[in-house]
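Here is the structure we will look at, set down as structure tokens.
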Amino acid sequence: DDVFAAIEVMAHTQDLDRRIVEAIEQAGCISKPFKAPPDATKSVCKATIEAAYEESCKDATKRSIHWTTDKRLLKVHEKTIPEGPLPLSYLGYQGDKRVEWGPLRNARQVQQLVAGIRWQCAYQAATTEREKNRIRKAASKDGFQLCDDPMENADVQAARAVVKAEIEAAGLAAKEFAAMLPGSPGGSITNLQIATMLDKVMAQAVRDGMGTVWWTVDPRMIAAMPTGLNWHSMQPLLLMFRDEDYFHLPELEPDKGLKQLKTFLARTTVMPSACHQCGGPVNGVRGDARTCVACGKATCSVCMEAQIESQRLAAVELEQTGANGQAPFLAVARCSCGEVVSEVLTRAAPDADVSAAPSCVHCGKPGEPRLLQCSRCGLVKYCGRECQVADWGNHKPVCVAWQNRKKNPVTHI
């Protein structure tokens, strides 16, 4: 099967350059391919790429597309990607925008590349919001979701400036990473590519040690961060790796996130090898343990689970999880200093099936004539409005957490 797939890709890539030119022209743009001179050295290849980018930046209309599929140039450019060498099949510049595309493993990916270039070029060259909306709708019918680069958001840019200044003030080396390898149009990137980047970044952070901070404010990278980070109120604005430690913040206000950021950057030692509560060993901050951002102490998974279990039992006694124990609630594990180190959504009856709840989660009575489901999250059912209003104080944090989970799937029940 691999052999046939390779033959199929070869058949579609033999005329790839011609198809790219057609796609660019269909978008109403001008194709300007560039290649490395014969027997070009690495320095010459690098200079060729830089010259193409500089020429592209001069085009204020963004109608000229400077691009290449030259393997020599792509190989040189791959090594300049901050997140680590990543195989490329296409590199293009449109104005000051850079578009990269990963390897082509089958005919469908070749077709996606050509169609993606066409829609991306048309979108970036659009001069009015009305024209952009028209192109977005047309691209959506073709299976492409176009959007402006989230890194250009004003809040993201402001956060970048603050983080850079704080890292420099702490005397540490800063290495920013972001989703810079579009796997589909609009500056997005596939989850698989992001996972590869994150793995490389985390491994490199350990090799670099405490003197280097790897960080990102790219919403695409943060949203795809592997589970284990159970934020519930909102997706973090900042994600950092430093040696074996990680750090994330939902905001950078002076009296909240900024103070925690300064504490994290001022830390001079790695995470302790033992839990400060029970003295047991910990297996790394991304595995079983969590490090407190306020004091730097480690809390093992056993102690965190014990805290969560005690809250579950207490919630049952206080009837905060409904008469049948099916209503979910938010449980937190804290460091001895009071800082939250882990947050999870759980139930008093973990095996309960909410969708088949036979009775009201608040009073335990069957619905007459039927149970009413929460329209916001769909996690709980009530026999009437009275029970829903009475239970709202307990259910609200869970309802909000679940809605955020649907937007950013990192919180689990």
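Quick look at the numbers
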| item | result |
| --- | --- |
| Number of positions in region 160-181 that are among the charged types (D, E, K, R) and either part of a helix (DSSP H, G or I) or without any contact (Cβ under 8 Å) to a residue 60 or more places away in the chain (or both) | 4 |
| Qualifying residues in region 189-199 (those that are open to solvent by less than 30 Å² (accessible area, probe 1.4 Å) and at pLDDT below 80) - the one nearest to MET240 (Cα to Cα) | ILE194 |
| Residue ranges of strands (runs of 3 or more DSSP E) in region 37-154 with at least 3 members open to solvent by 30 Å² or more (accessible area, probe 1.4 Å), modelled with pLDDT under 85 and in contact with a helix residue (DSSP H, G or I) (Cβ under 7 Å, 6 or more places away or on another chain) | none |
| Scope region 293-307; condition modelled with pLDDT of 70 or more, surrounded by 17 or more Cβ atoms within 10 Å (Cβ to Cβ) and either touching a Gly at 6+ places or on another chain (Cβ under 9 Å) or not charged (D, E, K, R) (or both); matching residues | ALA298, THR299, CYS300, SER301, CYS303, MET304, GLN307 |
| Residues of region 12-36 that turn out to be more than 30 Å from ALA139 (Cβ to Cβ) and part of a helix (DSSP H, G or I), as a count | 0 |
| Number of the exception - LYS396 against (1) among the basic types (Lys, Arg); (2) in a helix (DSSP H, G or I); (3) at pLDDT below 75 | (3) |
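The values are calculated or read from the model by the stated rules, or taken from the named source; none is laboratory data. Please read all numbers here as calculations on a predicted model, not as lab measurements. Positions of Cβ are generated from backbone atoms using ideal geometry, with glycine treated the same way; all protein chains shown enter the neighbour counts. Accessible surface areas use protein heavy atoms only, side chains included; no ligands, DNA or RNA. Shrake-Rupley method; radii C 1.70, N 1.55, O 1.52, S 1.80 Å.
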